[in-house]
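Presented below is the structure to which this report refers.
The values are calculated or read from the model by the stated rules, or taken from the named source; none is laboratory data. Since we're looking at a predicted model, the values are computed, not measured. Backbone-built Cβ (ideal geometry, glycine too); neighbour counts: all protein chains shown. Keep in mind that these areas ignore ligands, DNA and RNA; they rest on the heavy atoms of the full protein, side chains included. Shrake-Rupley method; radii C 1.70, N 1.55, O 1.52, S 1.80 Å.
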Amino acid sequence: MAFRNVVYSNEPLIRKKSRPVTDFDDNLIELLNDMYETMKKEDGVGIAAPQIGVLRQIVVIEANGMKLELINPKIVKSSGSQKSFEGCLSVKEYNGIVVRPYKVTIEAQDRFGYPFSMTVEDFMATVFCHEIDHLNGILFIDKAIELFRKDDKKALEKFEKMMQESS
């Protein structure tokens, strides 16, 4: 396993569309392992292959007690709506509020090429949507309804207050 450098929002590669994975081999397993190591070192809950400079449809997620690998993922169904406070390993300067589906169903393949589907809600739906957007060259800052500098402590307080008022 190896730590990979993160591609940032000012680099053109992060805006390119990823290609499907067709070879489920040792190179893919090495890439998945590198993605996990990079994600953990950068203190993330998810990372997409373009974020480490690889234009392939690959996402790894480790959150809510789940460790997931999504190869060639597609959102096939979504419902509801929620506001989420998001950050990104590829966006150094900002966090933001993004409106995402509350529930999503995805179809993907695992590291061996076997297809599966999964339905997630709430925070995990946000994570899935955020990471799958990366595969299409989309960053959360493109969809944010409000952006905050990461050093703005009042931003999180404002979001928490907004969430309390909406529940």
Original post:
How large is ³J(HN,Hα) for each residue in the stretch 134-142, as worked out from phi by the Karplus curve 6.51 cos²θ - 1.76 cosθ + 1.60 (θ = phi - 60°), to whole Hz, x for Gly and Pro?
Top reply: 4, 5, 10, x, 9, 10, 4, 5, 6
Original post:
Could you list log10 I(q)/I(0) for the chain at q = 0.15 Å⁻¹, which the Debye formula gives when each Cα is one point scatterer?
Top reply: -0.81
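Apply the a/c threshold of 1.5 to the C-alpha gyration tensor of the stretch 102-147 and tell me whether it is rounded, prolate or oblate.
On the way: a/c = 3.74, a/b = 1.68, b/c = 2.22.
Oblate shape, in that a/c is at least 1.5 and b/c is the bigger or equal ratio.
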**OP:** Rounded to the nearest Å, what's the spacing between the alpha carbon centres of the stretch 96-154 and the stretch 1-35? Just the number, please.
**Re:** 17 Å
**OP:** With everything on Cα atoms, drop me the angle between helix 153-166 and the longest principal axis of the chain, reported from 0 to 90° to the nearest 10.
**Re:** 80 degrees
Original post:
Assuming R0 = 30 Å, what is the FRET efficiency of Thr119 and Arg19, from their Cβ-Cβ distance, to the nearest 0.05?
Top reply: 0.70
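Select from the stretch 90-162 those chymotrypsin sites (Phe, Trp or Tyr not before Pro) which occupy a DSSP coil region and have at most 11 other Cβ atoms within 10 Å, ordered by residue number.
On the way: sites: Tyr94, Tyr102, Phe112, Phe116, Phe123, Phe128, Phe140, Phe148, Phe159; in loops: Tyr102, Phe112.
For chymotrypsin sites (Phe, Trp or Tyr not before Pro) across the stretch 90-162 that sit outside H, G, I, E and B with at most 11 neighbouring Cβ atoms in 10 Å, the list reads Phe112.
Counting only DSSP beta bridges with both residues in the chain, what percent are antiparallel, rounded to the nearest 5?
Numbers: 33 of 34 bridges.
Of all bridge pairs located within the chain, approximately 95 percent are antiparallel.
Highest mean first, what order results for 12-19, 33-40 on Cβ atoms within 10 Å? Don't skip to the end; give the middle numbers.
On the way: 12-19: 14.2, 33-40: 18.2.
Highest mean packing first, the order is 33-40, 12-19.
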**OP:** Enumerate the calculated ³J(HN,Hα) couplings along the stretch 70-76 in order (Karplus 6.51 cos²θ - 1.76 cosθ + 1.60, θ = phi - 60°), each rounded to whole Hz, writing x wherever the residue is Gly or Pro.
**Re:** 10, 9, 6, x, 9, 7, 9
Subject >> For Tyr94, residues with placed amide H under 5 Å, excluding near neighbours >> reply: Lys150
**OP:** Determine the calculated [θ] at 222 nm for the chain from helices alone, applying -39500 (n - 2.57) to every DSSP H run no shorter than 4 residues and normalising by the residue count; nearest 500 deg cm²/dmol.
**Re:** -8500 deg cm²/dmol
Subject >> Solvent-accessible area per residue, Å², over the stretch 20-102 with all protein chains present [probe radius 1.4 Å] >> reply: 45 Å²
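Name the shape class, rounded, prolate or oblate, that the alpha-carbon gyration tensor gives for the stretch 4-65, where a ≥ b ≥ c are the square roots of its eigenvalues, rounded holds for a/c under 1.5, and otherwise prolate holds if a/b is larger than b/c and oblate otherwise. Kindly include the intermediate steps, with their values, before the conclusion.
Details: a/c = 1.71, a/b = 1.03, b/c = 1.66.
Oblate, since a/c reaches 1.5 and b/c is not below a/b.
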Original post:
Carbon and sulfur atoms: what percent of the 1.4 Å accessible area of the chain do they account for?
Top reply: 48 percent
